[in-house]
Amino acid sequence: MPRTTLRIAIRTSLLAATCLSASPLLAQDASVEERLDRLEAMVGSLLERMDAQEGANSAQQTAIRTEMREQSEALLAATRDLKTQQAELAQQTAATSQQDGKGFRVGKTTVAYGGYVKLDAISQRFSGGNVADGSIIRDFLIPGAIPVGGAPSGFDTDFNARQTRFFFKTETDVGTEHKLASHIELDFMVTPGGDERISNSYVPRLRQAYITYDNWLFGQAWSTFQNVGALPDSLDFIGATPGTVFDRQPMIRYTRGGLQIAVEQPETTVTSPTGARVLAGDDTFPDIVGRYNLAGDWGSVSLAGIVRTLRITDDDFGSGTDSALAYGASVAGKLKIGPRDDLRFMATAGDGLGRYIGLNIVNDAALDANGDLDPIFTYSGFLAYRHLWSDKLRSSISGAYFKADNPILLTTNQVTDESWNVLANLIWSPVDPIDIGVELMYAERTLEDGRSGNLQRVQVSTRYNF
């Protein structure tokens, strides 16, 4: 083979190898392995042809063959190295695809995403008064806001997609000794900006945003006092609202095995002598929460305890500074009943837990005549049973209850004494990521003076999980 022709062949092969190695997207193609095999075979053929010319004795030809052999052997080594890199890249791609099929890699960080799109169609009536159009009370159950004492309303119908949710997760490779990750989550509930007249354009809000480093969590997440996994399978935003702990807030949490210990954001809510809610702005000590989780083939159970310092200062009521100890305990879980069904539950009791229960149905404390805080004792709970009729059809029934021991001489008799609700639903999943369901709910709120109000609701929802 002439020297020029052989040089062209070698340079062409080198160019092909360079293009392959410089294009990660191309290297993921299923045919790349075959291309590399052909390139390796071509270089091997070049070496065989040079071996066939070993009989030539010219010094010039010997120098040419030596140069070409060195270049060909270098190309062969580069080709094999490229095949190794392709195998490593395939492993990385496979590792990324294990993130539930929702991720991509940027340097050392794997980024995953997920969430759902949900449409709610709700028709409901209130026995104790009309609720204004656009009020969040019409979007999901808020027990402490059920109207009492007014004229019954007719059935009002609303459509919204505000519960639609989106989250990002990241996980960065920082070596085998440590694990670093983050989570950011958004939805459109309880935010301004939309209307039912033209745009329905609601402002997104931050639900969760936290960093995890080994056993530590830093940021905004579900309160350690709440077991989210025990909540009913409902179409309503929460479902068993009167009977559940429900709180997201900034915190620092340490987890080791089933044990979790956290310091979380403090916030004192006080009922004034007129029955109004006042948010004290001078909290000093964080809420301290401990929780232990047990899990097995039978299901899961958690036991949580909380200690709080409630505090006011003179600029809250003009009555000086005071603090009071608050505390509580909660047990919650999900128990498997046979191969298909499960039972979910929660029971909570304590003094000064107001803002943690049922979306702050009552406040943490009341203010007595001396300007001192009097924590309000509450107890609450729910029970929910889920049955799978088939792989595509399921139902849940749930009941929840809340009771407050209000010091009515301090709070007036216009505050909530108790609240409860029941619901039942039927949810169909024609394909795995989609839920289409209908839910019936009845909820009631009773004041300390004995008056009560209720809501009756029919809700149809469609949700696509991605």
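How would the stretch 215-277 be classified by its alpha-carbon gyration tensor: rounded, prolate or oblate, with rounded meaning a/c under 1.5 and the a/b versus b/c comparison settling the rest? Spell out each step's value before the answer.
Details: a/c = 2.77, a/b = 1.27, b/c = 2.19.
Oblate is the answer for the stretch 215-277, as a/c is 1.5 or above yet b/c matches or exceeds a/b.
For the stretch 139-199, what D do you get in µm² per second when you plug the Kirkwood radius from alpha-carbon pairs into Stokes-Einstein at 37 °C and 0.692 mPa s?
Working: Rh = 16.4 Å.
For these conditions, the coefficient is 200 µm²/s.
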Exercise. Relative contact order for the stretch 171-252: what is it in percent, counting Cα pairs under 8 Å that are at least 6 residues apart?
Worked result: 24
Seminar exercise, completed: Binned at 10 Å starting from 0, the alpha-carbon pair-distance distribution of the stretch 259-310 in whole percents comes out as 22, 32, 25, 16, 5, 0
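Over the alpha-carbon set of the stretch 337-385, divide Rg by the Kirkwood Rh and report the Rg/Rh ratio to two decimals.
Working: Rg = 16.2 Å, Rh = 12.8 Å.
Reported Rg/Rh (Cα atoms, Kirkwood Rh): 1.27.
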Exercise. Across 5 Å bins from the origin, how do the percents of Cα pairs in the stretch 186-321 run, short distances first?
Worked result: 2, 8, 13, 15, 17, 17, 13, 8, 5, 2, 0, 0
Exercise. To the nearest 10 square angstrom, how much accessible area does residue 108 have with a 1.4 angstrom probe?
Worked result: 130
Seminar exercise, completed: Expected field for residue 203, accessible surface area in Å² at 1.4 Å probe radius, rounded to 10, holds 70
Problem set entry | Förster radius 51 Å - calculated FRET efficiency between residue 48 and residue 325, Cβ distance, rounded to 0.05 | 0.05
For this session: With viscosity set to 1.002 mPa s and temperature to 20 °C, compute the Stokes-Einstein D of the stretch 129-231, Rh being the Kirkwood radius across alpha carbon pairs; µm²/s, no decimals.
Result: 126
Problem set entry | Cα extents of the stretch 332-466 along the three principal axes, largest first (Å) | 62, 28, 27
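Considering only protein heavy atoms and a 1.4 Å probe, what is the carbon-and-sulfur percentage of the accessible area of the stretch 119-233? Write out the running numbers ahead of the final one.
On the way: 3270 of 5430 Å².
Taking all protein chains in place, the stretch 119-233 shows 60 percent carbon and sulfur surface.
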Problem set entry | Rounded accessible area of residue 183 (nearest 10 Å², 1.4 Å probe) | 10
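The values are calculated or read from the model by the stated rules, or taken from the named source; none is laboratory data. Please read these numbers as outputs of a predicted model, since none were measured by experiment. As a convention, Cβ positions derive from the backbone with ideal geometry for all residues, glycine included, and neighbour counts pool all protein chains shown. We work out accessible area using only protein heavy atoms, side chains counted, and drop any ligands, DNA or RNA first. Shrake-Rupley method; radii C 1.70, N 1.55, O 1.52, S 1.80 Å.
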